[in-house]
1. Would you confirm whether or not the range 452-470 contains a residue that is modelled with pLDDT under 85 and under 27 Å from the mean Cα position of the chain (by Cα)?
2. Go through 312, 304, 339 for me and flag whichever is more than 15 Å from residue 507 (Cβ to Cβ), free of Cβ contacts under 8 Å to residues at least 60 places away in the same chain, assigned to a helix (DSSP H, G or I) and in the same structural domain as residue 482 (by TED's automatic domain parsing).
3. Output the residue which, of all residues in the range 315-334 that are at pLDDT below 85 and part of a helix (DSSP H, G or I), is nearest to residue 494 (Cα to Cα).
4. Answer yes if at least one residue in the range 499-513 is modelled with pLDDT under 85 and out of contact with any helix residue (DSSP H, G or I) (no Cβ under 6 Å at 6 or more places or on another chain), and no otherwise.
5. What is the number of the single condition among (1) within 30 Å of residue 189 (Cα to Cα); (2) modelled with pLDDT under 85 that residue 449 does not meet?
6. Could you tell me which numbered condition residue 338 fails, if it satisfies all but one of (1) within 26 Å of residue 407 (Cβ to Cβ); (2) at pLDDT 95 or above?
7. Across the range 272-286, which residue is farthest from residue 547 (Cα to Cα) among those that are part of a helix (DSSP H, G or I) and touching a helix residue (DSSP H, G or I) at 6+ places or on another chain (Cβ under 6 Å)?
């Protein structure tokens, strides 16, 4: 997106005429870049009459201002200038949508063109850190202390994400450096040759798994953006009529719990958080309700085989069965959510919240078509997986392709580019996707180095009770990815040692799912929410972690309590099983 503005041309006189034009492809149905000749700006001339005429139309914020001069323009002149006003205003609006503070940034750049002492210190500090890390990577110490070096980079990156506000570095950049750093250490330790080739194979394998999650995320976010552009979520927001803060809290929590059981926790979070943007105007209120969505999505995903990736992992591997898992984990998962909601209720306060869409127009028929098609695309993902046997991300991309082509057909011949898939994919949160990439790369590196497997074996050796092992895995899943932890645990115990549907497997499914809510980066749902709403790690830890931990403990206690009174035997005795 390019603009030719008076700020850019200031102080740069040109011979002949200067022109003001727009360079927005979106302003033209044919997507070409057009430059329209406006009245000449102040040009280099010695003729006083020409100077006076050239100074008539002034440019402000990229839009010609016909009222800025005392001398009136002729009808032809006014008509000529009006012909370029609309493209400029459209360009300005599009620019403001993507970068609202662009004008302030330009002014700040002009005022701070020279580096100050603080800038030099910051840049020098970053340079020193990079130089020290580069020197360490070439040192033999790394090869002698591989696990310590990788753990150190992970901890430093984790601290950088936690202290994002204090150090003024965006978490996305920190996460990317952390992910690359972990793999660089692993490659340095290989020493070249066959070992280096093996590391590359491990990286390719991890990247294959990571890319599936990223493509799934991009597909889901784009579907949501297309629905949102058509105001399709008004179908749901009109259904939620309450303006009471506490009623909305419980409505959103319970709705997300059951939606996540049908979809998965990641998709549910993306959809419900997008709904909240249409319901709640205040950002901090939306953060709190969004955190409830994360907790409810993870709790709802834990009790069905398709609701959470770890539950699916155990189900596909044969450690659990669908019916047994749903009957065993529904009550503990629901109790976990209710406990957390009870803690959250006083936090939302009394009174009513303000909706951002007051006085909105009625929903158009096309919006309903787009909404229901998009919803069907999301719901069909697990069906696609079960029928074709292909990974879920392909089902998500299939749904996106269907919706994309359908919206192109609906708006064929119309100059409404903002409603099409191309515009929607430009609006998704790319920095959130890259943050996800950095986190998953780092955890994948730790897994490839065997650190997570060693951690699982340590738990097995030092915790006599398998209930404690499952609890510890749940707590650890709030820090590192629960998938490799669960995979390592499955590798430690065969189905001969621990039979299918045993308490260990059911508790691991519950704990790994709900434990990820304790910290915001502990689950895919939390990371997606963090990226969508730019939530601070510290805010989540301070406000959300303790209520979530209470729900986590209540769910475990409920599961143990139910099984200590032999609920399955009672159900069998009365013919329910």
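1. yes
2. Selected residue: 312, the only one of 312, 304, 339 that is more than 15 Å from residue 507 (Cβ to Cβ), free of Cβ contacts under 8 Å to residues at least 60 places away in the same chain, assigned to a helix (DSSP H, G or I) and in the same structural domain as residue 482 (by TED's automatic domain parsing).
3. 317
4. The answer is no, given that none of the residues of the range 499-513 is modelled with pLDDT under 85 and out of contact with any helix residue (DSSP H, G or I) (no Cβ under 6 Å at 6 or more places or on another chain).
5. If we test residue 449 against (1) within 30 Å of residue 189 (Cα to Cα); (2) modelled with pLDDT under 85, just (2) comes out false.
6. (1)
7. By that ranking, first place goes to 278.
Yes/no matrix, rows are residues, columns are (1) outside the structural domain of residue 332 (by TED's automatic domain parsing); (2) surrounded by 15 or more Cβ atoms within 10 Å (Cβ to Cβ); (3) touching a residue at least 12 places away in the same chain (Cβ under 8 Å); (4) closer than 24 Å to residue 147 by Cβ:
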{"residue": "175", "(1), (2), (3), (4)": "yes, yes, yes, yes"}
{"residue": "191", "(1), (2), (3), (4)": "yes, no, yes, yes"}
{"residue": "219", "(1), (2), (3), (4)": "no, yes, yes, no"}
{"residue": "223", "(1), (2), (3), (4)": "no, yes, yes, no"}
{"residue": "241", "(1), (2), (3), (4)": "no, no, no, no"}
{"residue": "255", "(1), (2), (3), (4)": "no, yes, yes, no"}
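The values are calculated or read from the model by the stated rules, or taken from the named source; none is laboratory data. No experiment lies behind these values; they were computed from the predicted model shown. We place every Cβ from the backbone using ideal geometry, glycine too, and count neighbours over all the protein chains shown.
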